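Let me begin by presenting the structure, written as structure tokens, before commenting on it.
The values are calculated or read from the model by the stated rules, or taken from the named source; none is laboratory data. Being a predicted model, the structure only gives us computed values, none of them experimental. Virtual Cβ from ideal backbone geometry, glycine too; neighbours counted across all protein chains shown. Surface accessibility is based on the protein's heavy atoms, side chains included, excluding ligands, DNA and RNA. Shrake-Rupley method; radii C 1.70, N 1.55, O 1.52, S 1.80 Å.
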Amino acid sequence: MNGSHVMLEGVTKHYAGIPAVCDVNLSIERGEFVVLLGPSGSGKTTLLSILGGFVEPTSGRVAIGGNDVTRTPPARRPTSTVFQDYALFPHMNVAGNIAFGLEMQGLGRKERLVRVSDVLAMVGLTGFERRPVGELSGGQRQRVALARAIAVRPEVLLLDEPLGALDLNLRRQMQDELAGLQRSLGTTFVHVTHDQEEGMSIADRIVVLNNGRVEDCGTPDRVYLEPATLFAATFMGETNIVAGRVEEAGDGYLKLSTPLGGIRVRGSAPPGHDVRVSIRPEHVLFEPARDTESLGAVVFTDSVFQGAHYRCRARSVGHDGQELLVYVPVEHGAAIGERAEVHVRRRRIVLLAK
Ligand code: ADP
Ligand code: MG
């Protein structure tokens, strides 16, 4: 057992023989903000529930702070969970909701009142103690749920799509607040979302889940810029997937033949192998440079202004007419029917493992 705060080893959960989570291995450091990111049904809630002790894994082990907690009930784990639907007690006021867990922990009345007012201040609800939860807005309820979860001073805070019910502006605001709160508390956070922008804006590390398996795991910029798999590449944002065949392999580079012509990429694979690379639309360039590969000539077939850039479809000239999505800088512009030579920095061509 190493010194990681949270450890999952070979964690698998089957429901009636069907895997919801499959052989997940994950180490989380103390004070880390980890985001479990994946589409609906990818196993995020199941994995979080295994961490919280609400679901027992079919096989595998969970350790927190060096202790095996695989069969430890939720109340005896150093975890606290913010559920997707808040799960506040509707018949209690704000203070009652927050103080409930503190009473269970055996805190006296005076300490409870101090703790309640402290956590309400942290979530920006000072003075809300006596408000019935039924009279709060969605954003305020979410803050109460958060206050309730941090009031018990968990070592690990588990959050299941806590911002899912909020409108976009409030969600972006709460993301910033959540990140700030995590930094000031220093608590380990494991946060579930299906929103890749949310994941990127709050996580120290993103774990991309698909069909119960980890597809990729790393810092937001690494997972976005160098996704490990086809799934991670497409789930993290728009991209071009280009098929290629390995023509030559050597010293960490491959020469591929692709519908966009011959390109060199970093990576290794045997000659004759079929592979795929990912090229993000904002990485397509119109000027060559020392470290660029040519993607040949394209003709623009469609262009939509999106504020930060034009989102353009293009078709490669010759070859097999591969489609290319390109974010064209506003200053450059792109007219439908216009022809352009396009390039990409070699390090922005990402060889996908599967
Ligand atoms: P997510 O939170 O990513 O949407 P879940 O962890 O809720 O995914 O679900 C993963 C898979 O496990 C889904 O196919 C879901 O239908 C199944 N599943 C989840 N909970 C149960 C359950 N209690 N009984 C049977 N199947 C379940
Ligand atoms: Mg879920």
Fill in: Net lengthening on full extension, Q105/F89 (0.36 nm per residue, minus Cα-Cα)
4.0 nm
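If I stretch the segment between H273 and E129 completely, what's the gain in nm (0.36 nm per residue apart, minus their alpha carbon distance), one decimal? Provide the component values of the computation, followed by the final result.
Details: separation 144, 0.36 × 144 = 51.84 nm, distance 6.44 nm.
Separation in residues times 0.36 nm, less the Cα-Cα distance, equals 45.4 nm.
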Practice prompt. Using only the Cα atoms of the stretch 296-354, build the gyration tensor, take square roots of its eigenvalues as a ≥ b ≥ c, and label the shape rounded, prolate or oblate: rounded if a/c is under 1.5, else prolate if a/b is larger than b/c, else oblate.
Written response: oblate
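When the accessible area of the stretch 141-180 is computed with all protein chains present and a 1.4 Å probe, what percentage of it is carbon and sulfur? Kindly include the intermediate steps, with their values, before the conclusion.
Values: 640 of 1450 Å².
Exposed carbon and sulfur together represent 44 percent of the surface.
One quarter of the convex hull surface, Cα atoms only: what value does that give for the chain in nm²?
Values: hull surface 87.2 nm².
Mean projected area for the chain: 21.8 nm², to one decimal.
Rank by packing, highest mean first: peptides 61-70, 335-344, with packing defined as the count of other Cβ atoms within 10 Å averaged across residues.
Working: 61-70: 16.7, 335-344: 14.6.
Highest-to-lowest ranking by the protection proxy: 61-70, 335-344.
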Worksheet item: Quick one: if you stick a label point 7 Å off each Cα along the C-beta vector at I336 and S59, how many nm between them?
Response: 5.6 nm
Worksheet item: Once the piece of chain linking A353 and S201 is laid out straight, how much longer is it, given 0.36 nm per residue of separation minus the C-alpha distance between them?
Response: 52.2 nm
Practice prompt. Using a Gaussian network model of the chain whose springs link C-alpha atoms within less than 10 Å, name the residue from S303, S257, S184 with the highest mean-square fluctuation.
Written response: S184
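Where Lys and Arg each count +1 and Asp and Glu each count -1, what net charge lies around V350 among other residues with Cβ under 9 Å from its Cβ?
Values: positive: R266, R280, R347, R348; negative: E226.
That sum, taken over residues with Cβ under 9 Å, equals +3.
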Worksheet item: What size of dipole, in debye to the nearest 20, comes out for the stretch 1-145 about its Cα centre when the only charges are +1 on Lys and Arg C-beta atoms and -1 on Asp and Glu C-beta atoms?
Response: 380 debye
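Charges only on Cβ, +1 for Lys and Arg, -1 for Asp and Glu: so what's the dipole of the stretch 1-66 about the Cα centre, in debye to the nearest 20?
Details: 4 positive and 5 negative charges, 21 e Å.
So the dipole magnitude of the stretch 1-66 works out to roughly 100 debye.
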Practice prompt. Name the residue, out of N210, N169, N240, whose mean-square fluctuation peaks in a Gaussian network model built on the chain with Cα pairs under 10 Å.
Written response: N169
